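The values are calculated or read from the model by the stated rules, or taken from the named source; none is laboratory data. Source: prediction; values computed, not measured. For neighbour counting, all protein chains shown are included, and Cβ atoms are generated from backbone atoms with ideal geometry for every residue, glycine included.
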Amino acid sequence: MNVVDRKFIGIVSLSLDKFVVKNENPYRANFRCPICGDSKTSTNKCRGWFLEKDNSAVMYCHNCGASLGLSRFLKMTRPALYDEYIIDKKFGDNTKSESKSDKKVSPLDSLTMKRPKFQKSHLSSIKKISSLPHNHKAKVYVESRKIPSNQHYRLYWAPKFNEWTNTIIRNKFGDSAYEEGRLIIPFIDEDNHMFGYQGRSLKPNTKLRYITIMIDDVDKVFGIDKVSFDRKYYIVEGPIDSLFLDNAIAMAGSDGKDDVLKNIDNAVYMYDMEPRNPQIVNKIKSKISEGRQVVMLPYEKMIRYGKDINDFVLNGIEGKRLHKIIDDNTYSGLAADLELSRWSKV
């Protein structure tokens, strides 16, 4: 493990309950997870781990399923150490590590402590929406949203969402957790690796419409496996909205970072059309200042058709007509500043 990561694990270990190093090469250290608090009934259970991966430290909890790089772990739990860690990583010598020849075989290597690779094959135990009969409730729901039939293969149905999730992240949901079927929207990368997913409830009055499960410590981006960054692509908030556009991805929320994207000059940002929402207005303003292309639909069209892409489709605006409206109302630079001043109602 690189010397900077080892140094900061040593520092943070002083404040971690029941911290103990189990193995040096490869590095394994066990402690009570400070993110979930670990077991509430047994103070002896320690399900948090620091593991060595590619010469760096990662934190994983077998109780809550947290999977974080050391920097993210420090930022979440020990922010006072985070800035110091970033400086050391930037200017310190973090390339040094123990020689591979010095590594010893440990009995722990036979345990399931290494971060497993969750491949797309986990989806093989549930069914694609495209394979369900037309009278299936998930198929009926997807068709009611007017999601194009050529996109149904990208969505899945898990009849027991919690049980299926527990096969991927052990004990993610306890026995007492409420169980139901959910529409599965998988996040898959360019290497066909499923790094997370959303489960969408079909119940209209549920308190948790979406449950997002992240398997890897990466940004929540839907559509990386399908998008072409070499031509114009659209960045929207919701995965379902992205299914109506040619060459689109979704940030599963509006906090996506440009560092997960490529050829950013080809990107067109389209947030939910909420001109009275200060957060949305500030995000659009931020993208304009960065020189990005942003979409601001005319207020009269929003009143008539809705605030997001799916609303437009449900109101009869789809295909080429939808793309034309979006492209005709895409702005950048000074024109975007002027349009934002008219568009925002904050």
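Summed over segment 33-44, residues that are crowded, with 19+ Cβ neighbours inside 10 Å and either among the polar types (S, T, N, Q) or touching a strand residue (DSSP E or B) at 6+ places or on another chain (Cβ under 6 Å) (or both) total 1.
Per-residue answers, yes or no, for (1) touching an Asp or Glu at 6+ places or on another chain (Cβ under 7 Å); (2) surrounded by fewer than 17 Cβ atoms within 10 Å (Cβ to Cβ):
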{"position": "F187", "(1), (2)": "no, no"}
{"position": "D191", "(1), (2)": "no, yes"}
{"position": "M194", "(1), (2)": "no, no"}
{"position": "P204", "(1), (2)": "no, yes"}
{"position": "L208", "(1), (2)": "no, yes"}
{"position": "I213", "(1), (2)": "no, no"}
{"position": "D219", "(1), (2)": "no, no"}
{"position": "D225", "(1), (2)": "yes, no"}
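Got at least one residue in segment 5-18 being acidic (D, E), modelled with pLDDT of 90 or more, closer than 25 Å to I87 by Cβ and touching a helix residue (DSSP H, G or I) at 6+ places or on another chain (Cβ under 8 Å)? Among the residues of segment 5-18, at least one is acidic (D, E), modelled with pLDDT of 90 or more, closer than 25 Å to I87 by Cβ and touching a helix residue (DSSP H, G or I) at 6+ places or on another chain (Cβ under 8 Å), which makes the answer yes.
When segment 1-29 is filtered for residues that are surrounded by fewer than 20 Cβ atoms within 10 Å (Cβ to Cβ), touching a strand residue (DSSP E or B) at 6+ places or on another chain (Cβ under 8 Å), part of a strand (DSSP E or B) and not charged (D, E, K, R), the ones remaining, listed by number, are V20, V21.
Criterion applied to S242, S201, S289 was being among the hydroxyl-bearing types (S, T, Y), in contact with a strand residue (DSSP E or B) (Cβ under 6 Å, 6 or more places away or on another chain) and outside the structural domain of W157 (by TED's automatic domain parsing), and the one residue passing it is S242. Checking each residue of segment 271-288 against the condition of being exposed (fewer than 13 other Cβ atoms within 10 Å of the Cβ) and over 24 Å from F222 (Cα atoms) gives at least one match. Residues that are at pLDDT 90 or above, of a type outside the set (K, R) and within 25 Å of the chain's Cα centre (by Cα) are absent from segment 84-106.
Contact map, segment 124-148: first residue free of Cβ contacts under 8 Å to residues at least 40 places away in the same chain, second residue among the charged types (D, E, K, R) and surrounded by 13 or more Cβ atoms within 10 Å (Cβ to Cβ), Cβ cut-off under 7 Å, separation 6 or more or different chains; pairs are L132/K139; P133/K139.
Of Y305, Y269, Y233, all but one fail to be of a type outside the set (D, E) and within 18 Å of the chain's Cα centre (by Cα); the exception is Y269. Taking segment 159-174 as the range and being assigned to a loop (DSSP other than H, G, I, E, B) and either of a type in the set (A, V, I, L, M) or farther than 16 Å from L208 by Cα (or both) as the test, the residues that pass are P159, I169, R170, N171, K172, G174. Contact annotation: residue pairs with Cβ atoms under 7 Å, 6 or more positions apart or on different chains, pairing a residue in segment 48-65 that is part of a strand (DSSP E or B) with a partner that is among the β-branched types (V, I, T), are F50/I9; L51/V58; A57/I9; C61/I35.
Rundown of residues vs (1) within 28 Å of G199 (Cβ to Cβ); (2) touching a residue at least 12 places away in the same chain (Cβ under 8 Å), yes/no style:
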site: L243; (1), (2): yes, yes
site: I249; (1), (2): yes, yes
site: K283; (1), (2): yes, yes
site: K287; (1), (2): no, yes
site: D311; (1), (2): yes, no
site: I325; (1), (2): no, yes
site: G333; (1), (2): no, yes
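Scanning segment 301-340 for residues that are hydroxyl-bearing (S, T, Y) and under 30 Å from Y141 (Cβ atoms) gives a single hit, Y305. Regarding R47, is this residue in contact with a His (Cβ under 9 Å, 6 or more places away or on another chain), surrounded by 14 or more Cβ atoms within 10 Å (Cβ to Cβ) and among the charged types (D, E, K, R)? So R47 passes the test.
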